[in-house]
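See structure below.
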Amino acid sequence: MADHDSELDDTATAGGDVGRLAAHERLSTGALSNWMRMCASHPWRVIIAWLGIIAGLVLLVATVGGSLKDQFEIPGSDTQRATDLIEAEFASEQGGVLNLVFAAPEGERLDTPERKTAVAAAIAKVKAAEFAATEDKAGITSVADPFDDMTFSDDGRIAYAEAQFDRVIYDKDRDEVLAVQDAVRKAVEPAGVVVEFNGDAEFPPIEQGTQELLGLFMALIVLLIVFRTLVATSIPLALAIVALMTAFLLLFILAGLTDINTITPLLVSMIGLGVGIDYSLFIVTRFRQLLHEGLSPPDAAAEAGASAGRATLFAGMTVAISVTGLAFFGMDFITKLGIGSALGVLTTVLIANSLLIAVLAKLGHKIDRLKVPFLKAIDDSEAARETTLVARWGRFVTAHAKAVFVILLAAGLLLAATSALVRLGASDQGTQPTEQTARRAYDLLAEGFGPGFNGPIPIVVDVNSDQGAANRVYESVKGLEGVASAGEPQFNDAKTVAIVFVTPTSAPQDEATSDLVHTLRSDVVPAATEGGDSVVYVAGLTAAFADIADRIMERLPLFLLYIIGVTFIVLAMAFRSIVISLTAAVTTILSAFIGFGVLTLVVQEGYLLGLTGLDRTGPIETFVPPIAFAILFGLSMDYMVFLMSRIREEHVHGLSTRDAVEHGIAAIGRVVVAAAIIMGTVFAAFILTSDRISKEFGLLLAVAILTDALVVRMTLVPAFFTLLGEKTWYMPRWLDRVLPNITIEPPHDGEAAPRRAGQELEPEPSEA
């Protein structure tokens with residue numbers, strides 16, 4: 001065994017050819033292969049068809065496309081019932097609120113004559129006709145007095161005023177909000193007054209562009225190293241951009257039919273860019289290999305689509321399965337976030353398996369033109385692949401399979417265990433980057449009025465016939481431990497519904513606030529309303545995220561059972577092995593929990609927090625884990641499909657499991673590594689955004705994908721399959737008969753059908 005590596009180096013070509021047919025002797029057949037051959041034979045038809053499709057989508061966006069709106073509903077929860085009741089009974093007060101937070105310099109007072117005059121001028125400016133509401137634009141309907149006893153801090157330094165808009169503020173109203181802010185700043189700055197803004201009307205749009213460009217730049221560098229030619233490098237980048245543009249067109253068409261949240265475009269960009277580059281990278285690599293093995297450009301393009309393209313179809317299917325599983329949580333916004341993030345995968349799969357094939361067939365050998373100076377040309381022949389660093393790594397893993405498997409599994413489980421520290425909740429504006437005005441306003445309000453001021457807890461009382469219920473609730477909560485203050489009940493005009501606002505002593509994201517919500521719901525409110533027919537709901541941001549967490553934990557087993565079960569069946573059909581299917585599911589869960597663990601250590605516990613651009617820790621948003629898990633389950637399966645499809649191809653054509661693993665890694669490992677680095681870099685670039693949730697998604701997905709591809713797929717799984725040997729391909733005969741024979745390896749001309757479960761292979765007489 002000690003000489004195994006050197007023997008392979010010296011006899012790579014011979015060892016690689018044993019038991020296999022030459023490329024031109026095993027052209028694929030079947031419906032998918034026929035489709036690919038049609039695309040390769042009639043490239044201009046395919047290109048023109050896609051131009052027509054994109055033009056049609058642009059027309060649809062112009063006619064039925066919509067804008068993005070943040071709508072969060074939690075059907076059946078106390079928070080949703082309270083929200084519905086407030087909207088029904090306090091409809092006239094449901095416009096957006098912009099808090100104008102004024103502050104004097106440190107150690108000084110705001111109520112000096114000059115500063116009071118400046119603040120008054122700012123308030124008068126906001127009330128002026130130019131900021132009044134019209135039919136076409138949002139406007140201010142009222143502004144409170146910032147020097148009221150309730151809105152002026154005890155030390156005299158900080159005050160705030162609520163500016164009420166006539167409608168809920170969405171992205172399209174952003175200019176009106178910014179105009180109000182600019183007018184107020186100009187009015188108070190000459191007097192040395194600082195003003196910051198928060199409230200539900202102040203939500204900075206998630207900035208896009210910089211992170212996408214950075215991701216593309218890093219992808220360009222990796223692709224140049226992989227392909228060494230400018231033409232080949234440009235193809236995956238161009239396809240990713242086209243697929244992303246198409247995904248955005250579909251997204252805004254969808255937004256015209258239903259509410260789509262404002263964070264969705266970020267997920268579309270993140271997933272679309274990574275998947276778009278990766279999928280086309282696999283197909284282009286396979287195309288160049290087939291060209292170098294002697295196939296004509298049309299045949300090479302068709303075969304690349306039939307093999308690597310077939311793998312992208314299975315990979316895309318796993319993403320679709322994972323995303324549809326989000327519907328089990330019964331929360332519209334989570335389902336739509338998942339569907340939106342899958343648009344990039346959908347468009348990539350469709351374009352890669354049609355337009356890309358046509359472009360490759362048209363380019364032919366021109367794909368090797370414009371070689372990059374100072375970089376040696378890549379030899380994609382089989383003999384050369386067996387001598388690469390990644391091929392040597394594959395042989396190292398198989399030669400030391402037991403030690404590699406045990407060490408990596410133990411390390412992975414240890415890191416994954418840190419996810420047990422996670423606390424799901426709602427990070428408040430105090431955890432956002434300090435360049436946001438909402439964060440600075442949050443800090444000023446917390447300093448002037450206490451940390452709980454930024455997250456009041458509304459208790460909504462539907463009094464029915466119990467007219468004293470609201471007052472009893474108020475009396476019960478105003479002296480409660482953990483409550484800084486409680487406002488007297490505010491009734492609607494009909495006196496049928498009241499709201500008691502409770503200000504906690506702790507910040508909205510603090511665990512103490514979550515405990516207070518639980519105490520109010522389980523003890524205080526039931527005791528105050530006992531014996532009456534009133535119905536009371538405890539709502540607010542902290543309560544909403546608690547309800548989301550409860551719903552997620554309640555439906556999590558069903559969600560996991562669905563995506564793991566259905567994906568298991570799909571992969572069992574693809575690879576004709578329950579061992580591969582189970583391994584894929586278990587190791588993907590391991591990668592996901594490693595990602596969650598790292599996210600928890602950084603964002604919640606504060607280790608290396610500064611590298612993310614944040615300066616304050618907080619809980620992980622409750623909806624991040626299920627959405628990220630669905631995306632990760634789909635994307636990490638991609639690498640399993642790409643690697644195992646090549647290993648299975650080698651095994652089907654006669655190699656033993658160990659040799660198939662080695663040759664499979666040698667053939668596709670370099671591309672898997674490059675694809676993982678590209679996708680990980682694209683995800684990591686989103687840590688640069690100013691939005692905390694975007695940072696969480698970027699960090700979690702980057703860590704999990706890099707871990708999954710480089711550690712799990714390229715090392716842990718090959719070591720495990722080497723230890724199992726031919727048991728890797730085990731499939732119960734009854735299940736093999738039941739499942740459709742739809743395999744990842746396409747059928748070929750002049751070749752026996754792929755080996756089915758239980759069929760023995762002749763031993764290979766080479767390196768043993």
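The values are calculated or read from the model by the stated rules, or taken from the named source; none is laboratory data. As the structure is a computational prediction, the values presented were derived from the model and not from experiment. Cβ placement follows ideal geometry from the backbone for every residue including glycine, while neighbour counts extend to all protein chains displayed.
Identify, please: which residue in the range 200-216 is over 30 Å from ARG167 (Cα atoms) and surrounded by 13 or more Cβ atoms within 10 Å (Cβ to Cβ) and is, among those, modelled with the lowest pLDDT?
GLN211
Give the range 243-252 a look and list any residue that's farther than 27 Å from GLU621 by Cβ and crowded, with 19+ Cβ neighbours inside 10 Å, or say none.
Residues satisfying the conditions are ALA243, THR246, LEU249.
Condition first: assigned to a strand (DSSP E or B) and either surrounded by 15 or more Cβ atoms within 10 Å (Cβ to Cβ) or at pLDDT 90 or above (or both). Can you find one or more residues in the range 105-118 that meet it?
Checking the range 105-118: not a single residue is assigned to a strand (DSSP E or B) and either surrounded by 15 or more Cβ atoms within 10 Å (Cβ to Cβ) or at pLDDT 90 or above (or both).
Quickly run through the range 153-167 and pick out the residues that are part of a strand (DSSP E or B) and either surrounded by 21 or more Cβ atoms within 10 Å (Cβ to Cβ) or on the phi > 0 side of the Ramachandran plot (or both). Don't jump to the end; show me each part of the working.
Step one: of the range 153-167, the residues part of a strand (DSSP E or B) are 158-165.
Those that are part of a strand (DSSP E or B) and either surrounded by 21 or more Cβ atoms within 10 Å (Cβ to Cβ) or on the phi > 0 side of the Ramachandran plot (or both): ILE158, ALA159, TYR160, ALA161, ALA163, PHE165.
Return only the number of the condition from (1) surrounded by 16 or more Cβ atoms within 10 Å (Cβ to Cβ); (2) assigned to a loop (DSSP other than H, G, I, E, B) that ASN464 does not satisfy.
(1) is the only condition that ASN464 fails.
What are the residues in the range 254-266 that are within 18 Å of PHE686 (Cα to Cα), part of a helix (DSSP H, G or I) and of a type in the set (A, V, I, L, M), if any? Give the steps one after another, and end with the answer.
Going residue by residue through the range 254-266, those that are within 18 Å of PHE686 (Cα to Cα) are 261-266.
Narrowing further to those that are part of a helix (DSSP H, G or I): 264-266.
Within the range 254-266, LEU266 is the sole residue that qualifies.
With the condition kept exactly as written, say whether any residue in the range 651-660 is under 23 Å from LEU590 (Cα atoms) and buried (at least 24 other Cβ atoms within 10 Å of the Cβ).
No, that holds for no residue.
Please pick out the residue among LEU313, LEU251 that is under 17 Å from the mean Cα position of the chain (by Cα), within 21 Å of GLY338 (Cβ to Cβ) and in a helix (DSSP H, G or I).
Just a single option satisfies the conditions, and that option is LEU251.
Considering only the range 127-141, I want to know if a residue exists there that is in a helix (DSSP H, G or I), closer than 20 Å to ARG440 by Cβ, out of contact with any Gly (no Cβ under 6 Å at 6 or more places or on another chain) and not assigned by TED's automatic domain parsing to the domain that holds ALA441.
Checking the range 127-141: not a single residue is in a helix (DSSP H, G or I), closer than 20 Å to ARG440 by Cβ, out of contact with any Gly (no Cβ under 6 Å at 6 or more places or on another chain) and not assigned by TED's automatic domain parsing to the domain that holds ALA441.
Test ASP443 against the stated conditions and say whether it is modelled with pLDDT under 90 and not assigned by TED's automatic domain parsing to the domain that holds LEU601.
Against the criterion (modelled with pLDDT under 90 and not assigned by TED's automatic domain parsing to the domain that holds LEU601), ASP443 does not qualify.
For THR600, state whether it is of a type in the set (S, T, N, Q), surrounded by fewer than 23 Cβ atoms within 10 Å (Cβ to Cβ) and out of contact with any Asp or Glu (no Cβ under 8 Å at 6 or more places or on another chain).
So THR600 passes the test.
Which numbered condition trips up GLY606, out of (1) of a type outside the set (Phe, Trp, Tyr); (2) surrounded by fewer than 16 Cβ atoms within 10 Å (Cβ to Cβ); (3) not assigned by TED's automatic domain parsing to the domain that holds GLN211; (4) not in a helix (DSSP H, G or I)?
Exception for GLY606: condition (3).
Looking at ALA129 and the list (1) under 29 Å from GLY448 (Cβ atoms); (2) over 37 Å from the mean Cα position of the chain (by Cα); (3) not polar (S, T, N, Q), which single condition is not satisfied?
Of everything listed in (1) under 29 Å from GLY448 (Cβ atoms); (2) over 37 Å from the mean Cα position of the chain (by Cα); (3) not polar (S, T, N, Q), ALA129 misses just condition (1).
Within the bounds of the range 474-483, is there any residue that is over 24 Å from ASP515 (Cβ atoms) and of a type outside the set (Phe, Trp, Tyr)?
Looking for residues that are over 24 Å from ASP515 (Cβ atoms) and of a type outside the set (Phe, Trp, Tyr), one finds none in the range 474-483, hence no.
Checking the structure you have, find out if any residue of the range 367-383 is farther than 30 Å from TRP44 by Cβ and either β-branched (Val, Ile, Thr) or in a helix (DSSP H, G or I) (or both).
Looking for residues that are farther than 30 Å from TRP44 by Cβ and either β-branched (Val, Ile, Thr) or in a helix (DSSP H, G or I) (or both), one finds at least one in the range 367-383, hence yes.
Quick one: is THR519 in contact (Cβ under 8 Å) with a residue 60 or more places away in the chain and in the same structural domain as PHE449 (by TED's automatic domain parsing)? Don't jump to the end; show me each part of the working.
Values: in contact (Cβ under 8 Å) with a residue 60 or more places away in the chain: no; in the same structural domain as PHE449 (by TED's automatic domain parsing): yes.
Spelling it out, it is not the case that THR519 is in contact (Cβ under 8 Å) with a residue 60 or more places away in the chain and in the same structural domain as PHE449 (by TED's automatic domain parsing).
Take the conditions within 30 Å of ALA585 (Cβ to Cβ), among the polar types (S, T, N, Q) and in contact with a helix residue (DSSP H, G or I) (Cβ under 7 Å, 6 or more places away or on another chain) and apply them to THR567. Does it pass?
Judged against the criteria, THR567 is a match.
Kindly evaluate GLY56 against the criterion of being modelled with pLDDT of 90 or more, assigned by TED's automatic domain parsing to the domain that holds ARG555 and exposed (fewer than 15 other Cβ atoms within 10 Å of the Cβ).
Spelling it out, GLY56 is indeed modelled with pLDDT of 90 or more, assigned by TED's automatic domain parsing to the domain that holds ARG555 and exposed (fewer than 15 other Cβ atoms within 10 Å of the Cβ).
Contact list please: Cβ distance under 8 Å, first residue in the range 115-131 and touching a residue at least 40 places away in the same chain (Cβ under 8 Å), second residue of a type in the set (Lys, Arg), pairs at least six apart or on different chains.
From the range 115-131, the pairs are ARG115/ARG109; PHE131/LYS125.
Report whether or not THR246 is of a type in the set (Val, Ile, Thr), over 16 Å from HIS365 (Cβ atoms) and outside any helix (DSSP H, G or I).
No: the conditions fail for THR246.
For TYR639, which of the numbered conditions (1) outside any helix (DSSP H, G or I); (2) of a type in the set (Ser, Thr, Tyr); (3) crowded, with 24+ Cβ neighbours inside 10 Å fails to hold?
The failed condition is (1).
So ARG385 fits all but one of (1) in the same structural domain as VAL711 (by TED's automatic domain parsing); (2) at pLDDT below 90; (3) within 30 Å of the chain's Cα centre (by Cα); what number is the exception?
The single condition ARG385 does not satisfy is (3).
List every residue pair whose Cβ atoms sit under 9 Å apart, with the two residues 6 or more apart in sequence or on different chains, where the first one lies in the range 33-47 and is among the β-branched types (Val, Ile, Thr) and the second, anywhere, is not in a helix (DSSP H, G or I).
Within 9 Å, the pairs are VAL46/SER354.
Among ARG228, ARG174, ARG185, which is the only one that is modelled with pLDDT under 90, within 30 Å of TYR160 (Cα to Cα) and not aliphatic (A, V, I, L, M)?
ARG174
Just to be sure, is GLY325 surrounded by fewer than 24 Cβ atoms within 10 Å (Cβ to Cβ), small (Gly, Ala, Ser) and assigned by TED's automatic domain parsing to the domain that holds PRO236?
Spelling it out, it is not the case that GLY325 is surrounded by fewer than 24 Cβ atoms within 10 Å (Cβ to Cβ), small (Gly, Ala, Ser) and assigned by TED's automatic domain parsing to the domain that holds PRO236.
Identify, please: which residue in the range 485-500 is modelled with pLDDT under 90 and under 30 Å from GLY618 (Cα atoms) and is, among those, surrounded by the most Cβ atoms within 10 Å (Cβ to Cβ)?
ALA486
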